[in-house]
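Participant: Please find one structure pasted underneath; my questions will follow.
Derivation of every value follows stated rules applied to the coordinates shown; laboratory data play no part. Nothing here was measured: the structure is a model prediction, and the numbers come from that model. FYI the Cβ positions are ideal-geometry reconstructions off the backbone, even for glycines, and counts take in every protein chain you see.
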Amino acid sequence: MIRASHFASAILLCMALGGIAAPARAEPMRIGFIEFYGNSHLPVAELRSHLAFREGDLISFDGDDWQAAFAQSQRQLSNVPGVSRPHVGGPGCCVDGALFVYIGIEEDGARGLQFRRPPRGRIRLPPEVVASGAAFSDALSAAVARGDDEEDTTAGHSLSHSAGARQIQIRFVDYARRYLPVLRKVLRESAEPAERALAAQVIAYVDDKQAVVPDLVRAMRDPSEEVRNDAMRALLVFAKRVASESTAGLNVPYEPFVSLLASPFWTDRNKSSWAVESLSRSRDPKLLQLLRRKSLAPLAEMARWKVPGHALASRNILGRIAGCSEEEISRAIDSCRHEELIAAAMRGAMSGDSTSNDGVLSCGH
């Protein structure tokens with residue numbers, strides 16, 4: 001059986017996305033900040049009062065201290081009137097040397113996302129694929145720990161700057177060629193979430209990227225957060241190619257990502273926002289209109305997140321919804337005027353027109 005790789009999967013988020021990585025040390029670490037989202041009716045102060053940990057607390061990774069604190073907080077938040085289900089995600093590492101925690105709140109009466117039922121198939125990946133997946137997780141963990149987290153995605157899949165991790169990823173190219181039918185079957189049918197997640201990771205290295213887009217899009221509704229993360233990670237790299245002028249013949253649908261912008265799971269929001277950021281660079285009017293209708297509230301939430309790297313994708317998207325030029329968006333973000341981008345996008349949604357009478361966007365400046 002493949003070993004669980006939740007933390008190894010989380011490490012992938014830090015690569016080029018301003019995401020998270022698993023803490024690679026045993027000594028206690030400080031919680032730098034805690035962010036809530038999805039709580040449109042419940043005040044943050046009340047939710048914070050039910051946590052078993054606080055900003056500034058030290059938590060340990062050499063035992064179950066952090067797991068116990070997080071489980072206790074999950075239970076306590078579940079008992080708050082108006083909370084249907086809380087999702088305590090993390091902890092993630094690191095911002096200024098500190099951990100961060102994102103907590104998604106599903107409120108009573110809110111329309112939740114529907115994921116597939118867990119598959120029950122007995123099919124498993126070939127042993128060499130499993131062994132290489134474990135070796136890659138170890139190699140990447142070591143690379144991230146020493147600060148070597150760069151990657152090359154120009155081939156349409158990730159190739160780490162770290163020689164050790166990169167050599168294993170090159171094996172993935174061969175596995176995708178030899179085992180494509182098995183990878184597809186595991187991704188759809190295996191009862192083991194870690195097997196499905198690794199299948200989503202490896203299948204992205206196939207030569208014909210377009211051929212596996214449907215497989216990865218389907219995996220975006222997998223009941224496992226880890227599987228969805230790895231599927232979206234692969235599609236995100238594809239989306240980067242779509243956004244580049246040199247790419248032809250590769251189509252990544254935006255609708256599945258838009259639907260996950262309001263997910264209560266942080267990894268869903270992280271990956272979907274960056275994919276939409278890439279896909280919205282073309283300023284497809286249909287995509288921007290869909291975002292105006294369905295995603296302004298979650299995008300505004302994410303645009304207000306404290307860590308600029310986590311908020312950047314949503315700030316860019318909101319600027320495009322508002323009709324700002326890329327230069328206007330960059331200036332607003334660089335000068336910490338993201339509230340103006342949010343307001344401009346909201347004004348456009350309310351009026352049905354994001355421009356002023358003379359055709360110039362009213363971004364509040």
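Participant: How about the stretch 132-192: which trypsin sites (Lys or Arg not before Pro) there are in a DSSP loop, with at most 16 other Cβ atoms within 10 Å of their Cβ? Provide the component values of the computation, followed by the final result.
Facilitator: Numbers: sites: Arg146, Arg166, Arg171, Arg177, Arg178, Arg184, Lys185, Arg188; in loops: Arg146.
Those that pass, being in a loop and sparsely packed, are Arg146.
Participant: Post the alpha-carbon centroid distance, the stretch 114-137 to the stretch 259-302, in whole angstrom.
Facilitator: 29 Å
Participant: Further question on the same structure: What does the charge count around Ser40 come to, taking other residues whose C-beta lies under 14 Å from its C-beta (Lys +1, Arg +1, Asp -1, Glu -1)?
Facilitator: On the way: positive: Arg111, Arg304; negative: Glu46, Glu106, Glu107, Asp108, Glu301.
Here the charged neighbours net out to -3.
Participant: So which of Lys271/Lys294; Lys185/Lys209; Lys286/Lys306; Lys185/Lys294; Lys185/Lys271 end up more than 26 Å apart, counting from Cα to Cα? List each step's numbers first, then the result.
Facilitator: Working: Lys271/Lys294 17 Å; Lys185/Lys209 17 Å; Lys286/Lys306 30 Å; Lys185/Lys294 33 Å; Lys185/Lys271 24 Å.
Lys286/Lys306; Lys185/Lys294, as the Cα separations exceed 26 Å there.
Participant: Relative contact order of the chain: what whole-number percent is it, with Cα pairs under 8 angstrom and at least 6 residues apart?
Facilitator: The normalised contact order for the chain reaches 13 percent.
Participant: Taking R0 as 30 Å, what's the FRET efficiency between Ser60 and Glu150 from their Cβ-Cβ distance, rounded to 0.05? Could you put the intermediate results ahead of the total?
Facilitator: Working: r = 30 Å, r/R0 = 1.00.
E(calc), rounded to 0.05, equals 0.50.
Participant: Quickly rank 290-302, 45-57, 221-233, 312-324 as a protection proxy: mean count of other C-beta atoms within 10 Å, highest first. Spell out each step's value before the answer.
Facilitator: Numbers: 290-302: 19.7, 45-57: 14.5, 221-233: 23.6, 312-324: 25.6.
Ranking, from highest mean packing down: 312-324, 221-233, 290-302, 45-57.
Participant: If you count the DSSP beta bridges with both ends in the chain, what percent of them are antiparallel, to the nearest 5? Could you put the intermediate results ahead of the total?
Facilitator: Details: 15 of 22 bridges.
About 70 percent, rounded to the nearest 5.
Participant: Which of Lys209, Lys240, Lys286, Lys306 has the fewest other C-beta atoms within 10 Å, and how do the rest follow up to the most?
Facilitator: On the way: Lys209 25, Lys240 21, Lys286 9, Lys306 12.
So the residues, fewest neighbours to most, are Lys286, Lys306, Lys240, Lys209.
Participant: Same structure again: Give the peptides 125-136, 104-115 in descending order of average Cβ contacts within 10 Å, highest first.
Facilitator: On the way: 125-136: 18.4, 104-115: 14.2.
Put in order of decreasing packing, that is 125-136, 104-115.
Participant: Scanning the chain for helices, which whole DSSP H stretches are 18 Å or more long along the axis (Cα) and average 1.0 or more by Kyte-Doolittle? Intermediate values should be presented prior to the final figure.
Facilitator: On the way: long enough: 65-78 (20 Å, -0.89); 127-145 (27 Å, 1.07); 163-178 (23 Å, -0.55); 225-243 (26 Å, 0.04); 266-279 (20 Å, -1.00); 308-322 (20 Å, 0.21); 338-351 (20 Å, 0.24).
In the chain, the long hydrophobic H runs are 127-145.
Participant: What does the charge add up to near Ser160, with Lys and Arg as +1, Asp and Glu as -1, over the other residues with Cβ less than 10 Å from its Cβ?
Facilitator: Values: positive: Arg166; negative: Asp148, Asp149, Glu150, Glu151, Asp152.
Net charge in that neighbourhood comes out at -4.
Participant: Please work out how much length the chain gains when fully extended from Asp174 to Val80, using 0.36 nm per residue of separation minus the C-alpha to C-alpha distance, in nm with one decimal.
Facilitator: Values: separation 94, 0.36 × 94 = 33.84 nm, distance 5.07 nm.
Contour length minus Cα-Cα distance gives 28.8 nm.
Participant: When Thr154, Thr267 are ordered from fewest to most other Cβ atoms inside 10 Å of their Cβ, what list results? Show your work: numbers first, answer last.
Facilitator: Details: Thr154 12, Thr267 26.
Ordered by Cβ neighbours within 10 Å, fewest first: Thr154, Thr267.
Participant: Hey, another quick one. With labels modelled as points extended 7 Å from the Cα through the Cβ direction, what inter-label distance (nm, one decimal) is found for Ser49 paired with Asp334?
Facilitator: 4.4 nm
Participant: Which net charge results when you count Lys and Arg as +1 and Asp and Glu as -1 among the other residues whose beta-carbon is under 11 Å from that of Gly121? Intermediate results must be reported in sequence, preceding the final value.
Facilitator: Details: positive: Arg120, Arg122, Arg124, Lys185, Arg188, Arg196; negative: Glu189, Glu192, Glu195.
Cβ neighbours under 11 Å give a net charge of +3.
Participant: Right, something else. Helix-only mean residue ellipticity at 222 nm, the chain, DSSP H runs n ≥ 4 weighted -39,500 (n - 2.57), per residue, nearest 500. What is it?
Facilitator: Values: 16 runs with 187 residues, N = 365.
Value at 222 nm, helices only: -16000 deg cm²/dmol.
Participant: For His310, His87, what's the fewest-to-most ordering of other Cβ within 10 Å of each Cβ? Show your work: numbers first, answer last.
Facilitator: Working: His310 24, His87 19.
Arranged by neighbour count, lowest to highest, His310, His87 become His87, His310.
Participant: What area, in nm² and to one decimal, does the C-alpha convex hull of the stretch 279-318 cast on average over all directions? Please report the intermediate quantities before stating the final value.
Facilitator: Numbers: hull surface 10.5 nm².
If I average the Cα hull's projected area over directions, I get 2.6 nm².
Participant: In nanometres, what is the gap between the two model label sites at Ile123 and Arg221, each 7 Å from Cα along Cα-to-Cβ?
Facilitator: With each label placed 7 Å out from Cα toward Cβ, I get 1.9 nm.
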